2 protein chains.
Amino acid sequence: MNEDERIATLARMFESVTARGVEVAIGDDAAVLSPGATGLTRAGRLVWTIDEQVEGTHFRRAYASWNDVGWRSYMAAASDVAAMGAEPWCALSSLVLPDDIDDQAFEAIASGQRDAAAEVVAPIVGGNLARGPVVSVTTTLLGGCDRPIERGGARAGHKLWLAGRVGLAAAGLRALEMGLESDARLVLGLEAWRRPRALIGASVAMAGSAHAAVDVSDGLARDAGHVALASGALLVLDGDLLVEDEDLCKAAEALGLSALDLALHGGEDYALLAASEVPIEGFRCIGEVREGSGLILRTREGERALEARGFDHFERP
Amino acid sequence: MNEDERIATLARMFESVTARGVEVAIGDDAAVLSPGATGLTRAGRLVWTIDEQVEGTHFRRAYASWNDVGWRSYMAAASDVAAMGAEPWCALSSLVLPDDIDDQAFEAIASGQRDAAAEVVAPIVGGNLARGPVVSVTTTLLGGCDRPIERGGARAGHKLWLAGRVGLAAAGLRALEMGLESDARLVLGLEAWRRPRALIGASVAMAGSAHAAVDVSDGLARDAGHVALASGALLVLDGDLLVEDEDLCKAAEALGLSALDLALHGGEDYALLAASEVPIEGFRCIGEVREGSGLILRTREGERALEARGFDHFERP
């Protein structure tokens, strides 16, 4: 397919997911949106994010199907919208494709994006296509909310609440890197890494009471560190509670790694971490906020300072 | 700089351009916008586009400074917003950077983006950073308008109007490819290719009367073909008027190429083509719309069918 044919294919595939307030979708210079028609933005607020997944950095061809690549990229962006307590509305996608991506692979990437958009109920209404040396999938998403939940609102006395699992996705990636994907103890990790889900339901649940929130994409410790820094507060993470996940412990055992290390420093979990005075439906308590700065890890053995370490694209070893 | 330090640098650099209605900019999971506060969307409409410029496809390091790379990428997206008759509001940027991009190159790319954002008066309010094998700069832009101008509104009897110049940017790129950049006749072409300008003023001017519009990014013939197809009409382009540009003719002479070919099939002009019954300030008439389909080129020698040929990312020779 040439460029126009590929654009026509995307228009056909993506139109199966619809949203209110979209007046012009794929096929013009830009999409046209009418935010007032959505019911999403009662208080008139939009949240807006962009995420890019690059072959060789975020995935390898041997590790995931092309459908997974499209799905993962969309969900990574949707998770950022969820982290603000907002409801996804619609998306644009920019695909970079090398010459060795045939039409079948192209359609598989697009179908993964469409499946994720259908799951999140936020269609892809436009985008861009270009040639490049490796596959890259960029997703920009708009969402609406009454009250955005920023990172800087955690205060002493709040509890820390977590929705979703941490550590399993990193175990899945490690299984792929180590060639251990046939080990039954790692199946859930592979699934977590290949098919992450933005926690839209949990996002809606926390919108009423959370004072601060972040999605866990670069590792719990690193993302909790962002909340601590933005809030000017100390976050205490309860290590014993983090490793109560039996599937995570089994996966860690299969890999010969520490379950706690995977939970704290793994990444690509797309869990949600929130600070709130009261319990949030679908979240479990994993710690608390205190006066101070930085992170503390609390276990039955005591408390110790925790480094806000996780995935950094430009860190030099 | 590590990732957090680079994000802090971007936040500092980009905050010098401000816009109304931006409640949360760089540093959280997503930007937070309040469209009602802008005055941009009197009729409540947003236009939204994304564009990606990839090293090796859209530019080479030897052809442009890093500042130019940032500038060009931003302007390509802004031109799509202008093509809808909309006013740019704010942008997100996603940067992919290889390991050999040092902090100085990184800051030069960002300063080019910031300079373009200042020119267009639409700040960068968030984004994403990732590592990858080549430099890629993605810009997604939101704009506001009362009445979006789509591609499909050209009707028999309208005249075709052009703002900006066509062919010069392609001449500049060709000069770089042929090692002719020291030829004085190609200086304006180099400038056109390296520092394109989204035609925001012309966009505002056409908003009142244009029935269809497109920005000329893939070559005039190809983009006019998109208008013809979307409108179900025949577009007649006046070749003699297109080559009345003396600078273009000199550049074509220096390259040993046809000025008309450069004007019709060059690309990266970021001119605006509009269909309107009445003259538009800042535009010149370059043809007309008739009943039918496809394109016709009219010169003093007569009329002939014109192929809607231009730049296609996935065309096989």
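Summary of values
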read-out	value
Filter result for A:R6 (facing another protein chain (nearest Cβ under 7 Å), closer than 30 Å to A:R147 by Cβ and basic (K, R))	no
Odd one out for B:G44 among (1) on the phi < 0 side of the Ramachandran plot; (2) without any contact (Cβ under 8 Å) to a residue 40 or more places away in the chain	(1)
Residues of the range B:270-297 that turn out to be surrounded by 18 or more Cβ atoms within 10 Å (Cβ to Cβ) and either at pLDDT below 95 or not acidic (D, E) (or both), as a count	15
Options A:L97, A:L141; residue that is facing chain B (nearest Cβ under 9 Å), surrounded by fewer than 24 Cβ atoms within 10 Å (Cβ to Cβ), closer than 21 Å to A:M13 by Cβ and at pLDDT 95 or above	A:L97
Any hit, the range B:180-187, residues being within 14 Å of chain A (Cβ to nearest Cβ), outside any helix (DSSP H, G or I) and at negative phi	no
Answer from A:G132, A:G127 - the residue that is facing chain B (nearest Cβ under 10 Å), crowded, with 24+ Cβ neighbours inside 10 Å, more than 19 Å from the chain's Cα centre (by Cα) and touching a residue at least 40 places away in the same chain (Cβ under 8 Å)	A:G127
Subset of the range A:60-71 (residues that are within 17 Å of A:D269 (Cα to Cα) and either surrounded by fewer than 24 Cβ atoms within 10 Å (Cβ to Cβ) or among the β-branched types (V, I, T) (or both))	A:Y63, A:A64, A:D68, A:V69
Residue in the range A:151-164 that is farther than 22 Å from A:H226 by Cα, in contact (Cβ under 8 Å) with a residue 60 or more places away in the chain and not acidic (D, E) present	no
Single residue of B:V54, B:V32 found to be β-branched (V, I, T), at the interface with another protein chain (Cβ under 7 Å from one of its Cβ atoms), buried (at least 20 other Cβ atoms within 10 Å of the Cβ) and touching a Pro at 6+ places or on another chain (Cβ under 7 Å)	B:V32
Cross-chain or 6+ apart pairs with Cβ under 8 Å, the range B:1-17 first and farther than 14 Å from B:I124 by Cβ, then at pLDDT 85 or above and assigned to a helix (DSSP H, G or I)	B:M1/B:T9; B:M1/B:D103; B:M1/B:F106
Filter result (under 18 Å from B:A116 (Cα atoms) and either more than 27 Å from the chain's Cα centre (by Cα) or modelled with pLDDT under 80 (or both)) within the range B:10-27	B:S16, B:V17, B:T18, B:A19
Residue list for the range A:144-168, filter: of a type in the set (K, R) and within 14 Å of another protein chain (Cβ to nearest Cβ)	A:R147, A:R151
Number of the exception - B:I109 against (1) crowded, with 23+ Cβ neighbours inside 10 Å; (2) in a helix (DSSP H, G or I); (3) more than 7 Å from chain A (Cβ to nearest Cβ); (4) in contact (Cβ under 8 Å) with a residue 60 or more places away in the chain	(4)
Filtered residues of the range A:188-199 (kept if away from every other protein chain (no Cβ under 14 Å) and crowded, with 17+ Cβ neighbours inside 10 Å)	A:L188, A:G189, A:L190, A:A192, A:W193, A:R194, A:R195, A:P196, A:R197
Qualifying residue in the range A:301-308 (condition: in contact (Cβ under 8 Å) with a residue 24 or more places away in the chain and closer than 30 Å to B:P98 by Cβ)	yes
Top-ranked residue in the range B:112-124 [being among the hydrophobic types (A, V, I, L, M, F, W, C), crowded, with 24+ Cβ neighbours inside 10 Å and farther than 22 Å from A:V47 by Cβ; ranked as farthest from the other protein chains (Cβ to nearest Cβ)]	B:A116
Number of positions in the range B:200-217 that are surrounded by fewer than 24 Cβ atoms within 10 Å (Cβ to Cβ) and β-branched (V, I, T)	2
Which numbered condition B:A210 misses (of (1) under 28 Å from B:G153 (Cα atoms); (2) modelled with pLDDT under 95)	(2)
Qualifying residue in the range B:157-169 (condition: out of contact with any strand residue (DSSP E or B) (no Cβ under 7 Å at 6 or more places or on another chain), at pLDDT 95 or above and part of a helix (DSSP H, G or I))	yes
Flag for B:L241 being surrounded by 20 or more Cβ atoms within 10 Å (Cβ to Cβ) and either in contact with a helix residue (DSSP H, G or I) (Cβ under 8 Å, 6 or more places away or on another chain) or not β-branched (V, I, T) (or both)	no
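The values are calculated or read from the model by the stated rules, or taken from the named source; none is laboratory data. Treat the numbers as computed from the prediction; the structure is a model and nothing was measured. With ideal geometry, Cβ positions are generated from the backbone for all residues, glycine too; neighbour counts draw on all protein chains shown.
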